[in-house]
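The values are calculated or read from the model by the stated rules, or taken from the named source; none is laboratory data. These numbers come from a predicted model, not from an experiment. Cβ atoms come from the backbone with ideal geometry, glycine included; neighbour counts cover every protein chain shown.
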Amino acid sequence: MEIAKDILYVGVNDHHIDLFEGQYTVPDGMSYNSYVIKDEKTAVMDTVDANFTKEWLYNIGRALDGTKPDYLIIQHMEPDHSANIYNFMKEYPDTTIVANAKTFAIMENFFRDMELEGKKLTVASGDTLSLGKHELTFVFAPMVHWPEVMVTYDSTDKVLFSADAFGKFGTPDVQDGWDDEARRYYIGIVGKYGAQAQKLLKVAAGLDIEIICPLHGPVLKENLAHYIEKYNIWSSYGVETEGVMIAYTSVYGNTRKAVEVLEAKLKEKKCPNVVVCDLARVDMSEAVANAFRYGKIVLATTTYNADIFPYMREFIEHLTERNFQNRTIGLIENGSWASMAGKVMTEMLSKSKNITWLENSTKIMSSLSKENEEQLERMAEELCQEYVAQSDESADKNDLTALFKIGYGLYVVTSNDGTRDNGLIVNTVTQLTDNPNRVAVGINKANYSHDVIKKTGVLNVNCLSVEAPFSVFENFGFQSGRDVDKFADWKKLRSDNGLLFLPKYINAFMSLKVEQYLDLGSHGFFICSVTEARVMSDKETMTYTYYQKNVKPKPQTEGKKGFVCKICGYVYEGDVLPDDFICPLCKHGVADFEPIV
Ligand code: FEO
């Protein structure tokens, strides 16, 4: 078969193999590819599996058509490609083997009786070999998939001989599409070496490639961007397909029942893809490939011998040894007395990078309870939140909690009414322009500082750092400057405008002069120029999110009915929160309250 004018395919198809590499089922067989480049000098690219010596030598004989080969180029020493080196050299003893030093070292161990004195050409990465018209460049690709692997670029016909890369399970004469079996092949065999595959892709990106000749599967001639994109996703551990993969084991059917309930709920909620794998029954390599394909996975298993069910243990080990990362994971565990499964699964994945654990999980005691059904509903909601929001039909288009996602910092704004220094907490400070510098500060009109700044036209913005304790928020946020001297216990440090700046807990402050005022109903907006600016430390700025997660104490809502202020934790007890209610502590409105559940 002609690949290009001087390049012929001489590989073989194996339809009798049961397990590739001793573990992967290959229902559509396996091909071992080999190529001949005919030029002033003739080169054979790699050999084939040991079971195909005669067929391969016959193919080569036909391709050579009476000429003698000059070079046997060995890109990879795994026996599915190298098993016939010795047989080839017996048939064509005047051939020079072209390989790198690591390849020759491994070759000696595989073929202890083979004498190669004077028949070796050792190449380094980047070396070239001219066959006449064809100029070959060798590029090392260690660990894609063994350490000695190199690929070869023919700049004349723009062909990349890619070794194992871009290979797949199945023979080229079976029309089964490329993605699924290429994914299962890549994840199973090269999946651990994403960083090394990424390096190879970077090299490939700098080459003008029209044909890819891998050592397995079809020669790729069209739509190369598709294959390269897939390799880029797989080797960077990216999400290939949106959806949820559920991997489970079940001994008596109760864990399976939970999986079926979750699957139905996910489908109801418009989850774009739901793939369920019974790990005791599906092909393990397919389940592993699916885990790397989808962005979210749910692991469901039983406690077994104070551990987890063996198929789940094997599955997770397959994931972690292939550097599983960048995924959202949810857990369903089952245990009839001392449930261990959740703990074991969490520990097994604890070293995996960039894992987002689902906040909701399901813990079954023997069989599904009503509480379990609710837990599964919450898991489904959490897994599908983005899918529901992305859908025009199912999205809540008036969810004003979206505003809470705006990234706010937290600041103490200081001012002086002529007799007393004052300060308050605000989160509405933003730089509007840098030429000239203009900073906007929004202040609730109910706050005394609003009136003071409107009258005096000057203020300081103190940028709180993550060191600020809750007491700073209590002092400046939960009481009024009309009633108390908020700076009574503070060391007094002043900027050039005469106003105070905080002696600690800030990473910078700015002195501002009001240039414009905007009345926005509940708030007044001061648009200001900067008259002074100092950086106090390199500590991180306190954000609203950081405050909520790390500084604010948990509100005392136990035994109470009503609503709690998300800003300061104030509890309003009652069945209905009046629309115009303002938090007496922090002055935030009803939008910042949530029901106590
Ligand atoms: Fe196809 Fe790594 O051998």
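Can you work out which of the residues in region 146-156 that are of a type in the set (Val, Ile, Thr) and in a strand (DSSP E or B) is farthest from the ligand (Cβ to nearest atom)?
Kept after step one, since they are of a type in the set (Val, Ile, Thr), are these residues of region 146-156: 149, 151-152, 156.
Next cut, in a strand (DSSP E or B) only: 151-152.
Working: Val151: 13, Thr152: 15 Å.
It comes out as Thr152.
Within region 217-266, restricting attention to residues that are among the aromatic types (Phe, Trp, Tyr) and more than 24 Å from Glu321 (Cα to Cα), which residue is surrounded by the most Cβ atoms within 10 Å (Cβ to Cβ)? Explain how you work it out, then say what you get.
Applying the first criterion (among the aromatic types (Phe, Trp, Tyr)) to region 217-266 yields 227, 231, 234, 237, 248, 252.
Within this subset, residues satisfying the condition of being more than 24 Å from Glu321 (Cα to Cα) are 227, 252.
Details: Tyr227: 20, Tyr252: 12.
Only one residue fits best here, namely Tyr227.
Can you pull out the residues in region 210-260 that are assigned to a loop (DSSP other than H, G, I, E, B), more than 16 Å from the ligand (Cβ to nearest atom) and of a type in the set (Val, Ile, Thr)? Write out each step before concluding.
Of the residues in region 210-260, the ones assigned to a loop (DSSP other than H, G, I, E, B) are 210, 215-219, 221-223, 236-240, 249-253.
When the remaining residues are screened for being more than 16 Å from the ligand (Cβ to nearest atom), the result is 210, 221-223, 236-240, 249-253.
Answer for region 210-260, where residues must be assigned to a loop (DSSP other than H, G, I, E, B), more than 16 Å from the ligand (Cβ to nearest atom) and of a type in the set (Val, Ile, Thr): Val239, Thr249, Val251.
Specify the residue that is farthest from the ligand (Cβ to nearest atom); the eligible residues are those in region 157-182 that are at pLDDT 95 or above and aliphatic (A, V, I, L, M).
Among those that are at pLDDT 95 or above and aliphatic (A, V, I, L, M), it is Val159.
What number goes with the only condition from (1) without any contact (Cβ under 8 Å) to a residue 60 or more places away in the chain; (2) over 28 Å from Val466 (Cβ atoms); (3) loosely packed, with under 15 Cβ neighbours inside 10 Å that Lys445 does not pass?
It is condition (1) that Lys445 fails.
Please specify each residue of region 226-258 satisfying the condition of being in contact with a strand residue (DSSP E or B) (Cβ under 6 Å, 6 or more places away or on another chain) and over 18 Å from Val288 (Cα atoms).
Tyr227, Val251, Asn254, Thr255, Ala258
I'd like to verify a number: residues in region 128-145 that are buried (at least 19 other Cβ atoms within 10 Å of the Cβ), within 16 Å of the ligand (Cβ to nearest atom) and either in a loop (DSSP other than H, G, I, E, B) or free of Cβ contacts under 8 Å to residues at least 40 places away in the same chain (or both), how many?
Total satisfying the criteria: 3.
Among the residues of region 461-510 satisfying the criterion of being closer than 17 Å to Asn416 by Cβ and of a type in the set (Lys, Arg), which is modelled with the lowest pLDDT?
Per the criteria, the residue is Arg482.
Restricting the search to region 204-216, which residues are within 29 Å of Tyr294 (Cβ to Cβ) and either within 18 Å of the chain's Cα centre (by Cα) or crowded, with 18+ Cβ neighbours inside 10 Å (or both)? It would help to see each step written out before you state the result.
Looking only at region 204-216, we keep the residues that are within 29 Å of Tyr294 (Cβ to Cβ), and these are 204-205, 212, 214-216.
Within region 204-216, Ala204, Ile212, Pro214, Leu215, His216 meet the criteria.
Given the conditions (1) under 22 Å from Glu321 (Cβ atoms); (2) more than 16 Å from the ligand (Cβ to nearest atom); (3) in contact with a Phe, Trp or Tyr (Cβ under 6 Å, 6 or more places away or on another chain), report the number of the one that Ile187 does not fulfil.
(2)
What is the one condition in (1) over 27 Å from Pro553 (Cα atoms); (2) surrounded by 14 or more Cβ atoms within 10 Å (Cβ to Cβ); (3) at pLDDT below 95 that Lys513 does not satisfy?
(3)
Taking region 318-334 as the search range and keeping residues that are in contact with a strand residue (DSSP E or B) (Cβ under 7 Å, 6 or more places away or on another chain) and crowded, with 20+ Cβ neighbours inside 10 Å, which one is farthest from Ser236 (Cα to Cα)?
Initial filter on region 318-334 (in contact with a strand residue (DSSP E or B) (Cβ under 7 Å, 6 or more places away or on another chain)): 327-334.
When the remaining residues are screened for being crowded, with 20+ Cβ neighbours inside 10 Å, the result is 327, 329-334.
Values: Arg327: 12, Ile329: 18, Gly330: 22, Leu331: 25, Ile332: 28, Glu333: 30, Asn334: 33 Å.
Here the residue is Asn334.
Would region 367-384 turn up any residue that is farther than 30 Å from Arg482 by Cα, loosely packed, with under 12 Cβ neighbours inside 10 Å and not charged (D, E, K, R)? Steps first, please.
Here is the first cut: in region 367-384, the residues farther than 30 Å from Arg482 by Cα are 367-384.
Next cut, loosely packed, with under 12 Cβ neighbours inside 10 Å only: 370.
If we keep only those that are not charged (D, E, K, R) too, we end up with none.
Checked against the condition, which is being farther than 30 Å from Arg482 by Cα, loosely packed, with under 12 Cβ neighbours inside 10 Å and not charged (D, E, K, R), region 367-384 yields no hits at all.
Out of (1) within 20 Å of Ile297 (Cα to Cα); (2) away from the ligand (no atom under 16 Å from the Cβ); (3) modelled with pLDDT of 95 or more, the odd one out for Glu268 is which?
Condition not satisfied by Glu268: (3).
With the checklist (1) within 16 Å of the ligand (Cβ to nearest atom); (2) without any contact (Cβ under 8 Å) to a residue 60 or more places away in the chain; (3) under 24 Å from Glu135 (Cα atoms) in hand, flag the one item Gly22 doesn't pass.
All conditions pass for Gly22, except number (3).
It is to be established whether one or more residues within region 48-64 are on the phi > 0 side of the Ramachandran plot, of a type outside the set (Phe, Trp, Tyr) and surrounded by fewer than 22 Cβ atoms within 10 Å (Cβ to Cβ). Lay out the reasoning, then the answer.
Taking region 48-64 as the starting set, the residues that turn out to be on the phi > 0 side of the Ramachandran plot are none.
No - not one qualifying residue is present in region 48-64.
Restricting attention to region 466-506, which residues are crowded, with 21+ Cβ neighbours inside 10 Å and either under 41 Å from the mean Cα position of the chain (by Cα) or not in a loop (DSSP other than H, G, I, E, B) (or both)?
Listed by number, the residues that qualify are Ala468, Val472, Phe473, Phe476, Gly477, Leu500, Phe501, Leu502, Ile506.
Please give the strands (runs of 3 or more DSSP E) falling wholly within region 1-112 in which 2 or more residues are modelled with pLDDT of 95 or more and not hydrophobic (A, V, I, L, M, F, W, C).
12-14, 30-32
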